[in-house]
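Below is one structure, written out as structure tokens, with a few remarks after it.
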Amino acid sequence: DYDIKTENTRQRIRRVVYMHSREIVEAANKMIKVENRASLVSGLIESYGLHKYLRVTEPRPATFDELSIFHSGEFLEFLKSINDQDDEEKYTEEAQLYGLSYDCPAHTGVYDYVRLITGATVQAAEHLIDNMADAAINWFGGWHHGKKDSAAGFCYSNDIVLGILKLRERFSRVLYVDLDLHHGDGVEDAFCSTNKVLTLSVHKQAVGFYPGTGKVTDVGCGKGKYYAVNIPLKDGIQDTEFSTLVCRILVKIKEKFDPDVVVCQCGADGIIGDPMESFNLTQLSLGRCISTLLSWKLPILLLGGGGYNHANTARCWTYLTSIAVGRKLQNDIPEHKYLLEYGPDYELQITPGNKKNDNSKDYIQNLYHDVLYNINQMM
Ligand SMILES: CN(c1ccc(C(=O)NO)cc1)S(=O)(=O)c1ccc(-c2ccccn2)s1
Ligand SMILES: [Zn+2]
């Protein structure tokens with residue numbers, strides 16, 4: 001039907017690429033710490049009919065050469081060598097060398113998994129480079145602890161680093177935002193000495209809490225000094241305090257760094273009800289951060305990450321997807337294959353808990369000033 005609106009009143013609909021295929025869902029479902037989470041996330045997004053507003057794109061596996069742009073050949077050869085072994089033989093001396101342990105076990109097919117997950121993030125980046133999309137989403141990616149030559153923290157490769165290196169082929173300044181409960185150490189390390197990639201991580205910091213890095217005084221090195229920004233928080237922070245702090249810092253970073261493209265890791269393990277039992281967030285705080293980033297009208301890559309309460313992680317990423325496509329969602333979870341996972345309330349909106357907030361007003365105020373001081377040192 002003829003659209004009677006004139007050009008300048010037509011609301012510009014954002015073009016959003018969504019990386020998805022049966023193959024990648026099946027591969028992501030096998031990830032030991034987030035088993036079957038991928039089915040819940042894609043199932044909930046489809047149950048709301050959001051795929052109608054998305055450019056669903058079938059990801060292709062990354063090649064060995066693409067992976068070796070960041071990862072060492074020895075590490076990749078090792079992953080390849082254990083790909084077809086069954087689980088027992090995995091905990092050899094050599095496996096420990098490459099970060100595979102009881103905390104970061106490697107499942108059968110781990111190399112195939114790494115190729116697919118990382119290929120999806122790199123391909124999502126390519127869509128932004130080719131101006132085929134305003135936003136690109138890979139909820140199967142976001143593995144921010146992966147190191148050049150080892151797995152770490154349930155991350156078998158670092159798809160984010162490879163996605164940012166791909167974006168750097170076209171964009172000169174990349175802003176990386178890490179909203180996961182844990183410090184995005186793998187990404188910060190990879191870009192700590194360059195001023196072309198600014199990494200911002202907001203995370204829990206506590207004695208003995210993984211990975212232990214990401215103090216506010218951790219600002220990067222060499223030419224990258226002050227281009228790593230860290231916001232360490234304590235348990236119990238809630239939506240308003242979290243999103244106000246992060247968004248105020250994002251605005252300052254936008255002014256000083258003037259990014260050309262944004263990558264945001266949307267780890268959902270800071271949400272109330274997660275087994276990590278740390279922050280007291282709902283999906284609203286991540287939503288406010290994403291809305292702020294989207295308002296800048298820069299190409300943006302949205303990635304997944306942590307999130308061990310699978311129903312809440314699906315609620316969160318479905319909500320973020322709806323913000324990216326500009327559609328409001330009903331609060332009642334639609335009837336679909338996984339509906340029972342959302343009991344007993346069967347609602348999209350997560351209810352905050354009454355967890356004690358260990359972040360005093362003073363702590364937040366001083367932290368904000370310390371972070372601002374760092375940002376103002378940026379050339
Ligand atoms: C390896 N670890 C990580 C690493 C990374 C993450 C993460 O989500 N990073 O974003 C979480 C745990 S760890 O040592 O802290 C843990 C292993 C298992 C943990 C666990 C398992 C069940 C419930 C609570 N915690 S924490
Ligand atoms: Zn995490």
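Just so you know, all these numbers are worked out from the coordinates, no wet-lab data involved. In this text, all values refer to a predicted model and were calculated from it rather than measured experimentally. Every residue, glycine as well, gets a Cβ built from its backbone with ideal geometry; the counts of neighbours run over all protein chains shown.
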Assign unit charges at the C-beta atoms only (+1 for Lys and Arg, -1 for Asp and Glu), then state the dipole size of the range 242-316 relative to its Cα centre in Debye, rounded to the nearest 20. 280
Label-point gap, in nm, between residue 58 and residue 366 - each point 7 angstrom along Cα→Cβ: 5.7
Shape of the range 214-261, Cα gyration tensor, a/c cut at 1.5: oblate
What is the distance in Å between the Cα centres of the range 164-238 and the range 335-369? 23
Yeah, the chain with a ≥ b ≥ c from its alpha-carbon gyration tensor (a/c under 1.5 is rounded, else prolate when a/b outruns b/c, oblate otherwise) is rounded
Add -39500 (n - 2.57) for each DSSP H run of 4 or more in the chain, then divide by its residues: what number comes out at 222 nm, to the nearest 500 deg cm²/dmol? -11000 deg cm²/dmol
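Fully extended, how many nm does the chain gain between residue 373 and residue 85 (0.36 nm per residue separation, minus their Cα-Cα distance)?
98.6 nm
If each residue's Cβ is checked for other Cβ atoms within 10 Å, how do 37, 22, 60 rank with the fewest at the top? Before the final figure, lay out each step's value.
Numbers: 37 25, 22 9, 60 15.
If I rank by nearby Cβ atoms, fewest first, I get 22, 60, 37.
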Relative contact order [Cα under 8 Å, 6+ residues apart], the chain, whole percent: 18
Select from the range 278-326 those trypsin sites (Lys or Arg not before Pro) which occupy a DSSP coil region and have at most 16 other Cβ atoms within 10 Å, ordered by residue number. 297
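Tally the DSSP beta bridges in the chain and give the antiparallel ones as a percent, rounded to 5.
Numbers: 3 of 35 bridges.
The antiparallel proportion sits near 10 percent.
Counting other Cβ atoms within 10 Å, which trypsin sites (Lys or Arg not before Pro) in the range 194-261 have at most 12 and lie in a DSSP loop? Don't skip to the answer; put the middle values down first.
Numbers: sites: 196, 204, 215, 223, 225, 234, 248, 252, 254, 256; in loops: 196, 215, 225, 234.
Answer in residue order: 215.
Which of rounded, prolate or oblate describes the range 76-221 when judged by the alpha-carbon gyration tensor and an a/c cut-off of 1.5? All intermediate terms of the calculation are to be shown ahead of the outcome.
On the way: a/c = 2.18, a/b = 1.26, b/c = 1.74.
Oblate shape, in that a/c is at least 1.5 and b/c is the bigger or equal ratio.
Based only on other Cβ atoms within 10 Å, what is the fewest-to-most ordering of 182, 107? Walk me through the numbers on the way to the answer.
Working: 182 28, 107 17.
With the sparsest Cβ surroundings first, the list reads 107, 182.
Let me know the longest stretch in the chain that avoids all GluC sites (Glu not before Pro) found in a DSSP loop with at most 10 other C-beta atoms within 10 Å. Mind showing how you got there, number by number?
Values: sites that count: 169, 335.
With a cap of 10 other Cβ atoms within 10 Å, the longest stretch comes to 1-168.
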Order of 202, 174 from fewest to most other C-beta atoms within 10 Å? 174, 202
In nm, what is the difference between 0.36 nm times the number of residues separating residue 209 and residue 351 and their Cα-Cα distance? 48.6 nm
